[in-house]
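Trainee: First the structure, which I've put down as structure tokens, then a few questions once you've had a look.
The values are calculated or read from the model by the stated rules, or taken from the named source; none is laboratory data. What you are looking at is a predicted structure, and each value in this text was computed from that prediction instead of being measured. Here the Cβ is made from the backbone with ideal geometry for all residues, glycine too, and neighbour counts use every protein chain on show. Accessible surface is based on the protein model in full, side chains and every heavy atom, while ligands, DNA and RNA are left aside. Shrake-Rupley method; radii C 1.70, N 1.55, O 1.52, S 1.80 Å.
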Amino acid sequence: MSGLLEVTGLTAGYGGVRVLHGIDIAVGENEIVAVLGANGAGKTTLLRALSGTVRSSGEVAFAGRSLAGTSAARIARGGLGHVPQGRGTFTDLTVEENVRLGVISRPASTRGQADGDVERIYETFPVLREMRRRPAGALSGGQQQMLALSRALLARPRLLLIDEPSLGLAPLTSADMFSVLARLRDEWSLSVLLAEQNARASLKVADRGVVLARGRVVASAPAAELAADEGLRAAYLGESPDGLTEVSS
Amino acid sequence: MSELLQQTVSGLTTGLVYAALALAIALVFQGTGTLNFAQGEFATLAAFVSFALSTAGLSWWLIVPVLVVLAFVFGAGVERLLVRPVEGNGPLALLTVTAALLLGTNAVVALIWGTDVRSMPSPFGDAVHHVGPLTFTAQALGGGALVLTAMVLCGAIFRFTPLGLRLRAVADNPDSARLLGISTGLMLAVGWGIAAAVGAVAGLVAAPTLGLSPELMTNALLLALAAVTLGGFSSRLGAVVGGLLIGVLSNLASRYVPGIGGDLQLVVPFAVIFLVLLVRPQGLFGRPSAVRA
């Protein structure tokens, strides 16, 4: 496995409170890795530490280069995309302008494919084309999630961090989102690090899963293995053995 | 009737200064959420620099573009060196810095050029044009063209260029902009630079009519703030229209409303603003942010 992203001993936190206590994780080329864990396990912080939006220490190598001390903007320009929790919509800009922001953020070498890529996005998410003149803040949660994904994809990242894409979505929309993710990996030659509470759905699209609990990696295995391990899911993912997710407070 | 028109024209002429300054204030506010109280003093400084350049014998055709570039660099530099370090300390700290910049810039101008009022020649000459019953000074026409150009250029940059899109993205959601690789710090500096360049236009338009002194923009700043409120902080067009409206209103009131002389005319625009804010708090052209709950 060629490691596109290699992380060893990553620690991070907010103020004096440490949230991540030495995380080791790797993502290979064209691989989808699901980061699972209950609320507060450190999934979001892990993604933020990788994209440089939260201070961290430890070794992070992306495409063979160390990201230590690199600013968030520079990390993004280096090909690491991040669809943040809350979707990061530019609410006062139109849907089309949100899409265009992705396009102008891509590396120069992919400028020629921009028009084709935009067309591809509008084919994947036809509703965005219909709404392109509307302010993005007026979109529904699911539509904003599609928009966030589109914006990040159009910047042509090599690795995309996606934080809780199913959060706040109706179950049906959320299922759509996961099936789209599986397609996107091949269409856009992507690697994906997907943080999710919904273990069942994300393990269906992922190659491997990593389980976090209280800021530490407690399990790391191929997705099928994790999906079959009911004891693990019950212990760390807040799922009862019948597979229903408990409502966490 | 023709006198009413003439009064309106002369109100528009004063309004141009407020309009340009209001546009500059709106640009910084939209980009950073901060009111730059020093915007007027930046304009005064630009007016003095243009005066110095013209005394040195440069042609106005050269001075205007040079001034705009210098102002841009100055504005961006001030953001980088003086505003950036306190940026993380909250909006009140930023406001305090811009107030300090107001006093500081004013003092520097007074130190270099003194406090006497000087007369500055109009960059557009002293010609007077007659159109039907109305008279236009060359300064009014040239100033109008200059402010209009500044407004259209700003609009074009923000609407149609990748730079403008990045500037608006940073203003809208800086965290998300960073995740797209946009350098937010650079964009803030550019925003301040563009605002200072527009402010320089305000200085050029103001100085020949009001007389060049460190107090050039003292009143104009208050009226420009009023203009931005009137037009709406979220609208560049609103800021310009607000500035022109305030110019016209105060001029007409002082001429036609008994008891309101030259000094009391300032009361009129503020009464109007009070009414506008009661009825339409986002200003005439502003729109409330469209965010779905």
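Trainee: Please verify whether A:Gly137 is in contact with an Asp or Glu (Cβ under 7 Å, 6 or more places away or on another chain), in a helix (DSSP H, G or I) and not assigned by the TED database to the domain that holds A:Val180, treating the condition exactly as stated.
Mentor: So A:Gly137 fits the description; yes.
Trainee: What residue, among those in the range B:204-239 that are among the hydroxyl-bearing types (Ser, Thr, Tyr) and in a helix (DSSP H, G or I), is nearest to the other protein chains (Cβ to nearest Cβ)?
Mentor: Restricting to residues being among the hydroxyl-bearing types (Ser, Thr, Tyr) and in a helix (DSSP H, G or I), the top hit is B:Thr229.
Trainee: Considering only the range B:110-156, how many residues are farther than 17 Å from B:Ala239 by Cα and either open to solvent by less than 40 Å² (accessible area, probe 1.4 Å) or not aromatic (Phe, Trp, Tyr) (or both)?
Mentor: 30
Trainee: Looking at A:Gly116, is it within 14 Å of chain B (Cβ to nearest Cβ), out of contact with any Cys (no Cβ under 7 Å at 6 or more places or on another chain) and either part of a helix (DSSP H, G or I) or among the hydrophobic types (A, V, I, L, M, F, W, C) (or both)?
Mentor: Here the answer is no, as A:Gly116 does not meet what is asked.
Trainee: Please return the ranges of helices (runs of 4 or more DSSP H) entirely within the range B:1-99 where 3 or more residues are open to solvent by 50 Å² or more (accessible area, probe 1.4 Å).
Mentor: By residue number, B:2-32, B:60-78.
Trainee: Cβ contacts < 8 Å: first residue facing chain B (nearest Cβ under 7 Å), restricted to the range A:70-93; second residue open to solvent by 10 Å² or more (accessible area, probe 1.4 Å) and assigned to a strand (DSSP E or B), any location; separation 6+ or different chain. Result?
Mentor: Correct list of pairs: A:Ala76/A:His82; A:Thr91/A:Pro135; A:Asp92/A:Pro135; A:Leu93/A:Pro135.
Trainee: Residues being free of Cβ contacts under 8 Å to residues at least 60 places away in the same chain, surrounded by 22 or more Cβ atoms within 10 Å (Cβ to Cβ) and more than 7 Å from every other protein chain (Cβ to nearest Cβ): count how many of those fall in the range B:167-191.
Mentor: 1
Trainee: Could you give me the residue pairs with C-beta distances under 9 Å whose first residue belongs to the range B:147-166 and is in a helix (DSSP H, G or I), whose second residue is loosely packed, with under 14 Cβ neighbours inside 10 Å and not hydrophobic (A, V, I, L, M, F, W, C) wherever it lies, and which are 6+ apart or on separate chains?
Mentor: So the pair list comes out as B:Leu165/B:Arg159.
Trainee: Let me ask something else about it. Restricting attention to the range A:35-48, does a residue exist that is within 14 Å of chain B (Cβ to nearest Cβ) and part of a loop (DSSP other than H, G, I, E, B)?
Mentor: No, the range A:35-48 has no match at all.
Trainee: Can you tell me how many residues within the range A:131-171 are out of contact with any helix residue (DSSP H, G or I) (no Cβ under 9 Å at 6 or more places or on another chain) and away from chain B (no Cβ under 14 Å)?
Mentor: Residues meeting the conditions: 1.
Trainee: Considering only residues that are farther than 12 Å from B:Gly11 by Cα, open to solvent by less than 60 Å² (accessible area, probe 1.4 Å) and not small (Gly, Ala, Ser), which ones fall in the range B:234-264?
Mentor: B:Arg236, B:Val240, B:Val241, B:Ile260
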